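The values are calculated or read from the model by the stated rules, or taken from the named source; none is laboratory data. All of these numbers come straight from a predicted model, not from anything done at the bench. Cβ placement follows ideal geometry from the backbone for every residue including glycine, while neighbour counts extend to all protein chains displayed. The protein model used for the area step is the full one, side chains on, heavy atoms only, and it has no ligands, DNA or RNA in it. Shrake-Rupley method; radii C 1.70, N 1.55, O 1.52, S 1.80 Å.
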Amino acid sequence: MTAFLALAGVTKRWAHEVTVGPVTLDIARGEFVALLGPSGSGKTTLLRLLAGFETPDAGSVQVEGEEVTRLPPARRRFGMVFQHYALFPHLDVGANVAFGLAKTGAERRVAAALALVDLAGFERRRVQELSGGQQQRVALARALAPEPRVLLLDEPLSNLDPTLRERTRRELRALIKRLGITTLFVTHEQDEAFDLGDRIAVLSRGRVEQVGTADVLYEQPATLFVATFVGRANVLRGAPAQALGAANGQVLVVRPERLRFGAKGLGGVVRERRYTGAAAFFQVETEGGERLEVLAAPDAARVGERVHLEAVKVLPFAEPR
Amino acid sequence: MTARERGRVLAAAALTLLLAWLVLYPILLVGVDAAHGDAIAAFARRPGEWQALWASVWISLASVALAAAIGIPLAFLFEWLEFPGRKTLGSLIALPAVLPPFVGVIAFLFLYGESGFVARAVQQLLGLAEPPWRLQGAGAILLVHAYSMYVYFYLFTRAGLAKLDASMLEAAQALGAGPWVTLRRVTLPLLRPSLAGAALLVFMTALGSFSAPYVFGGGFRVMTTQIVASKLNGELALATVETVALALVAIVALALIRRTEGSDVLFALGKGIAPRRRQLRRPAVRGLAAAAGWLFAFVLLLPHLTLLLVSLVPYGTWTTETLPPQVSLVNYQRLLAEPDRLAPLLNSLWMAAASTAAAIAIALAAGALVRRRLPWRWRSPIETLIALPWALPGTVFAIALAATFAVHEPLALRWVLVGTVVLLPLAYVVRNLPLTGRAVLAGFGQIDPALEEAAASLGAGRWTAFRRVTLPLLKPALMAGGSLAFVAALGDFVTSIVLYTYDNRPISIEIMSSLRVNEIGVAAAFGVILMLVSAAVLGVGARR
């Protein structure tokens, strides 16, 4: 696979201690990649380095073999949807979408772009009159209208209310897949990343910890950070870890659904039960005082009951320095 | 209607009537006076009148253009670039604001006038027999206007730029727009409310400007000087027609500029942060920017320094030399020791203080009534009446009050106040209303109504809640509005020259008479005192 979009050793130093990168990442044509990480992990900086709003101190960005590292944003032909959409308040919807287009044929392309996001006929509306979901779609239409090579989305769903968010997520994925445009998408929500991304790059403290599909990240996390940031995880050290089969000095990560109540194993008392319908989460306190989360059938245990825990699958990691 | 609601409506009605009597009534009377008699015909017949009216308009337009040409680039420079001394210079650059208009004008006279420092230096240097230039006519007026009014564009543009959302600019770039296209299609349109606000303020200030045309006009007349000349010539009927003409120009201009202002919802969508300042990296560029900045600040400070130096010149000691041969504090000593000299200072202080206090009291009453307690049909007249004096030049109000309170008709609510000491401070109150009113109404608007309700739920009565919650929260607004009003009244010249009497002659009038008898040192000393008091009061008012 030759990469359509290639980041090689991209580094941005902010202050003394805060550095993003070096990040190396290859993205195929038409691929939808999510950048997932906690706040301050550098995912937005990475997106802005791609867009050209920041210039890296080292490394290179290439699109289709063309070097764009120092190209100003205006000449990159990358579309971007901003977190708060950045719609121009002095222009109507049509003029917003037409902003990046040449005069000739703009009208037709604006209509086409608006039809794409299901806002046909909205040209003369003022952006202030639109709902949050509509504003988000106008921002998307505006970014797509000039037919960019790469689409960059900066937490585009974070300003929508939860019910709208899930529907918009599906529509966004369907649209982007239909257009076949290479897309990078920043989020701090695992659900969003899992739902949208073909692949997910997990970032922590400016570095890419792991890149892979959702299954791989969940089942075969490369680092302790990925294991705990992606999905629910019990982290065990010392004696309880060894009781579940860890070697000396290892940290053990166990998913709640990989623990089950048995006749022997790690002993403890059920302190809490949180019912979710199909299953229940049980908080088990071990003799050492650790709390473990177990996902099991709703009637698997009662609060106050003494239980033993067995692990079906554990993820061992070396203790990070 | 409950008793409490009835009380509010009664209070609103009383306040509306008081404001209408103070603000609207004199203007209407002048309008009626002007419509009677043959003064209109006389006005229309004389070409000089039309020339003065036209001069007022084009001088104001040119002042807007000059102030914008200086103020807007400076605002971009200080808001978007980072260079050594940016913060210090950024505040120095607003210094012309502490020079009251008339004091600024005499400082220019001492500095750039035909016998000023610069002219003397050039004359000496080139060995000329005559001063190299005369500071007179339209060019001189525009020079003073550009100096004193670019500050409005500078401050408004900076405020607008600070509110600008960086992601708007980035969005434009991501869509392929280069820096110039972004400036033209995004930045400037987004700044439009700020720029229109500054343009309006400069136009109105220039239209009402009196000191610069009065001192530098020579044969060049604008409407404000024309009105005062007619009044001093005893042609009161003609003065009223001229006043109405000037007022009409002001109102038309206000309406036109308001229309281009656009809506203030422009920023409603912006939630982002202002763009980061760009560091100037190359040492040569940094040095150049800093040097240009300091040089500019020095030029801006020259009038202040000039005033200070001239105030130290004893009477009759400075004749042909470039710099005064002797300096001493004798002018200040005379000023403080001679009761006749001290009187104008005390007059100005008490009139400024009293008129500011009255304007604040009215603004507070209006704010308390207007804010959420009144039905809409009461709010609007109160707010309009408070803002009206701002829309009309000071000369207009001076003439209107002089005409209104020159007759004794108690049934028409007119008494003879001309020639008494109360008329001038009353005029200051009217002129101060928009300053205190705007600040206090905005201050009320920023207070969460839930706070007073919280005070009420904790057992505080209406007065207690006002005193212990609202008033402390309003303090910054009161300080800001009050300091502006105090400084405006203290340095006023245009109203004073029409309405003063010997017993309440203010500083600006005393400066003028000192100049007449060539006591430039005393005039400058008064100017320095005005400047220092203004700077101190503005400094206190700007503190948070």
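Between helix A:106-116 and chain A there is an angle of about 20 degrees, using the helix long axis and the longest principal axis of the Cα atoms. Computed with the Debye formula from one identical point scatterer per Cα of the protein assembly as shown, without solvent, the log10 of I(q)/I(0) at q = 0.09 Å⁻¹ comes to -1.03. Whole-percent P(r), segment A:70-125, all Cα pairs, 5 Å bins from 0: 4, 17, 23, 27, 18, 7, 2, 1. Taking all protein chains together, A:LYS103, A:LYS43, A:LYS264, B:LYS87 sort by accessible area into A:LYS103, B:LYS87, A:LYS264, A:LYS43, largest first [probe 1.4 Å]. Inter-chain Cβ neighbour count for B:164-171, averaged per residue, equals 6 (cutoff 10 Å, partner chain atoms only). With a 10 Å cut-off around each Cβ of A:128-134, the average count of Cβ atoms from other chains is 1. Using just the C-alpha positions of segment B:204-258 as equal point scatterers, what log10 of I(q)/I(0) does the Debye formula give at each q in 0.32 1/Å? Relative scattering, expressed as log10 I(q)/I(0), comes to -1.20. Highest-first packing order for the peptide set A:246-257, B:128-139 is A:246-257, B:128-139, based on the mean count of other beta carbon atoms within 10 Å.
If you look at the Cα atoms of segment A:234-318, you get an Rg and a Dmax of 12.2, 38 Å.
Taking a span of 20 Å or more along the helix axis (Cα atoms) and a mean Kyte-Doolittle hydropathy of at least -0.5 as the rule, the DSSP H helices of chain B that qualify are B:3-19, B:47-80, B:138-163, B:188-208, B:236-260, B:283-310, B:339-373, B:376-391, B:423-445, B:471-490, B:520-542.
From the residues A:LEU259, A:THR19, B:LEU451, which one has its Cα farthest along the dipole of the protein assembly as shown in the positive direction, the dipole being from +1 and -1 charges on Cβ of Lys/Arg and Asp/Glu about the Cα centre? The Cα lying farthest towards the positive end belongs to A:LEU259. Net charge dipole, the protein assembly as shown: roughly 860 debye, given to the nearest 20, about the Cα centre with Cβ charges of +1 for Lys and Arg and -1 for Asp and Glu.
For segment B:37-310, the Cβ-based charge dipole about the Cα centre amounts to some 1000 debye (Lys, Arg positive; Asp, Glu negative; other atoms uncharged).
In terms of its C-alpha gyration tensor, segment B:37-310 has an oblate overall shape, because the principal axis ratio a/c (a ≥ b ≥ c, square roots of the eigenvalues) is not below 1.5 and a/b does not outweigh b/c. The fraction of all Cα pairs in segment B:150-264 landing in successive 10 Å bins from 0 to the largest distance is 13, 29, 24, 17, 11, 5, 1, given as whole percents. Among B:489-499, B:315-325, the peptide with the highest mean count of other Cβ atoms within 10 Å heads the list, and the full ranking is B:489-499, B:315-325. Angle of helix A:162-179 to the longest C-alpha principal axis of chain A, folded into 0 to 90 degrees and rounded to 10: 60°. Taking packing as the residue-averaged number of other Cβ atoms within 10 angstrom, the listed peptides B:339-348, B:282-291 run from highest to lowest as B:339-348, B:282-291. The distance from the alpha carbon centre of segment B:63-104 to that of segment A:257-308 is 69 Å, rounded to a whole number.
Between the Cα long axis of helix A:132-144 and the first principal axis of chain A there is an angle of about 60°, rounded to the nearest 10.
Counting, for every residue in A:67-80, the Cβ atoms of other protein chains within 10 Å of its Cβ and taking the mean gives 3.
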